[in-house]
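Asker: Below are the C-alpha cells for one structure; questions will follow.
The values are calculated or read from the model by the stated rules, or taken from the named source; none is laboratory data. No experiment lies behind these values; they were computed from the predicted model shown. Neighbour counts run over all protein chains shown; Cβ positions are idealised from the backbone, glycine included. Quick note on the areas: whole protein, heavy atoms, side chains included, nothing else; ligands and nucleic acids left out. Shrake-Rupley method; radii C 1.70, N 1.55, O 1.52, S 1.80 Å.
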Amino acid sequence: MARPTKEERKISIMTKALELFSKEGFYQTTMPSIAEKIGMSVGNLYNYFTSKEMLAKDLILYIANILGEHIRAINESDRTTQEKIEAIVHMYFKIAKDRPETIEYFLRVYLSNREVFQNCCSGMICVSAFVTEMMIFFEEGVRCGELRDQDFFSAFGLFMGYLGGMVFINGENILSKPLEEYEHTIAENIYYALKTR
C-alpha cells in the first residue's frame, strides 16, 4: 500500500484539526492538542503548518473551496434560478448535517475571530472560491430575469443569513423537525426575497 502524499497527509491533518477548532474554538485549541489528536509529534506537525494561524487560514481556504466546487456544479447545471436555490440550500444543509464541523468552523472560528485572519485573509480573500461562485449565481439569475438587480452583498447577506441562522438554530437543538425538512421553505423564502417583482 502506497504511503500518503504530503498533500493527502495535510488534508488528513486539516480534517482532524477542523473537529478540534469547531468544538473548542481558536484560542482553546493548541498545536500540541492537534498533534495529539492526529497521533504525530508537534515538531512533525510544524513541518506541515508553520503556525496555528496558518493552519486556520488553510482550513478556511479548504472549506471555501469545497463550498465553491459544490456551487460551481450547481451553477453549471441546467436548472432554473429557483431550482438552483433549492440545490444550494440542500447542499449547505447536507454539509451541516454530514460534516457539521465544516460549517461550525466557519461560524465559530472564521467569523468570530476575524483578528486571527487579518494579516493573511483580509476582506474576502480566503473565501473567494465560495463568494465568486455565489456572485456568478446572482449574476446569472439577474441576466435570466429571475432575480432583481441589487447590490451583491445585500443579496449574499440575505441568502447566507437564512442558511447560517438555520444551521445555528439547529445546532442549538431548537428546531422541532430535522433541518432537511426546512429546505423547501427556506429555499422558497430566499427565492421570493430575491426574485424580480
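Asker: Out of Arg148, Arg143, report the one residue that is under 20 Å from Thr80 (Cα atoms), out of contact with any strand residue (DSSP E or B) (no Cβ under 9 Å at 6 or more places or on another chain) and open to solvent by 40 Å² or more (accessible area, probe 1.4 Å).
Answerer: After applying the criteria, what remains is Arg143.
Asker: So which of Leu59, Leu67 is out of contact with any Pro (no Cβ under 8 Å at 6 or more places or on another chain), over 30 Å from Thr196 (Cβ atoms) and either assigned to a helix (DSSP H, G or I) or modelled with pLDDT of 95 or more (or both)?
Answerer: Just one listed residue meets the conditions, Leu59.
Asker: Just to be sure I understand the filter: pairs with C-beta atoms under 6 Å, separated by 6 or more residues or on different chains, first member in the stretch 98-124 and modelled with pLDDT of 80 or more, second member of a type in the set (Phe, Trp, Tyr) and not in a loop (DSSP other than H, G, I, E, B). Which pairs pass?
Answerer: Filtered contacts from the stretch 98-124: Tyr105/Phe21; Val109/Phe21.
Asker: Is it the case that Gly145 is in contact with a Ser or Thr (Cβ under 7 Å, 6 or more places away or on another chain) and at positive phi?
Answerer: yes
Asker: Only one residue in Gly171, Gly157 is in contact (Cβ under 8 Å) with a residue 60 or more places away in the chain and at negative phi. Which one?
Answerer: Only one candidate passes the filter, namely Gly171.
Asker: If you scan the stretch 1-51, which residues turn out to be free of Cβ contacts under 8 Å to residues at least 40 places away in the same chain, in a loop (DSSP other than H, G, I, E, B) and under 17 Å from Phe106 (Cβ atoms)?
Answerer: Thr29 - this is the single residue of the stretch 1-51 that is free of Cβ contacts under 8 Å to residues at least 40 places away in the same chain, in a loop (DSSP other than H, G, I, E, B) and under 17 Å from Phe106 (Cβ atoms).
Asker: (1) farther than 27 Å from Lys16 by Cβ; (2) open to solvent by 20 Å² or more (accessible area, probe 1.4 Å): which one isn't true of Phe159, the others all being true?
Answerer: With respect to (1) farther than 27 Å from Lys16 by Cβ; (2) open to solvent by 20 Å² or more (accessible area, probe 1.4 Å), Phe159 is out only on (2).
Asker: Between a first residue in the stretch 174-197 that is assigned to a loop (DSSP other than H, G, I, E, B) and a second residue that is open to solvent by 50 Å² or more (accessible area, probe 1.4 Å), which pairs have beta carbons less than 7 Å apart while being 6 or more apart in sequence or on different chains?
Answerer: What qualifies is Leu175/Ile169; Thr196/Arg148; Arg197/Arg148.
Asker: Could we say that Thr30 is of a type in the set (S, T, N, Q), more than 30 Å from Thr185 (Cα to Cα) and exposed (fewer than 14 other Cβ atoms within 10 Å of the Cβ) here?
Answerer: yes
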